[in-house]
1. Which residues, counting only those in the range 204-241, are under 17 Å from residue 281 (Cβ atoms), in a loop (DSSP other than H, G, I, E, B) and not β-branched (Val, Ile, Thr)?
2. Can you say whether residue 253 is assigned to a loop (DSSP other than H, G, I, E, B) and surrounded by 15 or more Cβ atoms within 10 Å (Cβ to Cβ), as far as the supplied structure shows?
3. Do the conditions hold for residue 200, that is, is it in the same structural domain as residue 236 (by TED's automatic domain parsing), surrounded by 13 or more Cβ atoms within 10 Å (Cβ to Cβ) and over 14 Å from residue 251 (Cα atoms)?
4. So which strands (runs of 3 or more DSSP E) are wholly in the range 327-389 and hold at least 3 residues that are at pLDDT below 90 and not β-branched (Val, Ile, Thr)?
5. Only one of these is among the charged types (D, E, K, R) and more than 30 Å from residue 127 (Cα to Cα): 198, 239. Name it.
6. Considering only the range 311-339, state which residues are in contact (Cβ under 8 Å) with a residue 40 or more places away in the chain and either in contact with a Leu (Cβ under 8 Å, 6 or more places away or on another chain) or of a type in the set (S, T, N, Q) (or both).
7. Would you mind stating whether residue 286 is within 30 Å of residue 256 (Cβ to Cβ), outside any strand (DSSP E or B), within 46 Å of the chain's Cα centre (by Cα) and not polar (S, T, N, Q)?
8. Suppose we filter 114, 171, 142, 137 for residues that are touching a Leu at 6+ places or on another chain (Cβ under 8 Å) and of a type outside the set (A, V, I, L, M); which single one remains?
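The values are calculated or read from the model by the stated rules, or taken from the named source; none is laboratory data. Keep in mind that what you see is a predicted model, and the values were worked out from it rather than measured. Methodologically, a virtual Cβ is constructed for each residue, glycine included, from the backbone with ideal geometry; neighbour enumeration extends over all protein chains shown.
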Amino acid sequence: MSEYRALAHLEQYPPPKLTISEPKISLQGSGMLYGEFEIYNGVDGDLTGTITSMADFISFSPNTFSGNRVRVEYTVDLTGLNGDIQSGAVVTTSGGERVLDFYITANRADVLERDGLVMADLGDFGEYARAHPVEARKLFGRQDFMMWLLNLGYPSMDMYENFAGDPNKERAVDNFLVLNGIKTKAVVLPVVRDLSHKIGLWDDVVTGSVKLKKTAWGFAEARLEVLGDVKWLKLTNDKIASSDFDGQNMAEVHYMVIADKLEGHDSAQLLLNGEHKINIRVTPAAAFEARLDKQSFFFEDNGKLHIKNNTERDIFVDVSCEHFVKFDAKRYLIGQSAEIDFSIKYSNFKTSSLSFKKQLYAETYIQIVAVGDGQAGFSKRLALTLWMN
């Protein structure tokens, strides 16, 4: 009976089972190498234990642990080491003991190898920073990079330490490479310096963008500001970072033109990084186009007014003229286009007056005004010449 109970207890509470996610670790490089692995219980329950390194140049964090699954980080300091090295650590837990094997090839101290790239000088680091910018920023502030510079005999360690202390590592790496002649400093310039927009009769907001180009790869930042008190122009963003540029070193800053704050023909200027000016000009768009079938008429004649609607909706237009130019109405609804008939009939008195003055013709005009939301909008005036019969 006691044996049966013991078996039942083992089935309900199995003993811990030590498992290591990567029991054999292979490394190659120089300076400081880093990595991680997991220790976990192969069954339910927690493991408690310690990690004892077999070599001074291999350390673990944490080196004591408790839990069902524990992530352990390791650091391998290859400073002063060279060639193939085999070492390891002993993991002792409540679920057993295992040896963690390290197989290491230590490269020359004046060579760094990362992501398949071998770096033997600052030019190589520049290529690495271009191909792997995020990894290069991480590497730049680490001890193994500083040791690599020392082993190269780099003469300006004070300058490096100043850059390494910059919290903006993207800027730090870029400045370091620029001052060492590895790359040129990226400058942000406007692609187009003169922009224009037309505002339709019923437009509320018109959007546009300023295209910017970065002259080189690497870190760049820019600031865009509106000069003066321009109420109709709003930038959606006034700061540009390196991450805003695409693979072609191009970026865009969008802006809005607010129509109801415009006063006819308006212009504004943007200033990029305090030195490059960008001009934006806004003009009202033609709500319609109008023409007459002819410009010369007799004192008793007929004509047609042709109107083409340039908006995306029907519009009303008001037509005004002298009394002898006669339309059937004063206001017309225009779809895509319209032909409006009119007639000309001078009074006998007016004709006699012109004849007495030996005036062979008279000039007048037709005024057409687009009407929107009860407000006079775009207008056009067409001239007519009236000849005596």
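1. Of everything in the range 204-241, those that are under 17 Å from residue 281 (Cβ atoms), in a loop (DSSP other than H, G, I, E, B) and not β-branched (Val, Ile, Thr) turn out to be 227, 228, 231, 232.
2. No.
3. Taking the combined requirement at face value, the residue satisfies it.
4. Those strands (runs of 3 or more DSSP E) span 361-372, 375-387.
5. Within the list 198, 239, the selection yields 198.
6. Selection gives 311, 315, 316, 319, 320, 325.
7. Against the criterion (within 30 Å of residue 256 (Cβ to Cβ), outside any strand (DSSP E or B), within 46 Å of the chain's Cα centre (by Cα) and not polar (S, T, N, Q)), residue 286 qualifies.
8. Within the list 114, 171, 142, 137, the selection yields 114.
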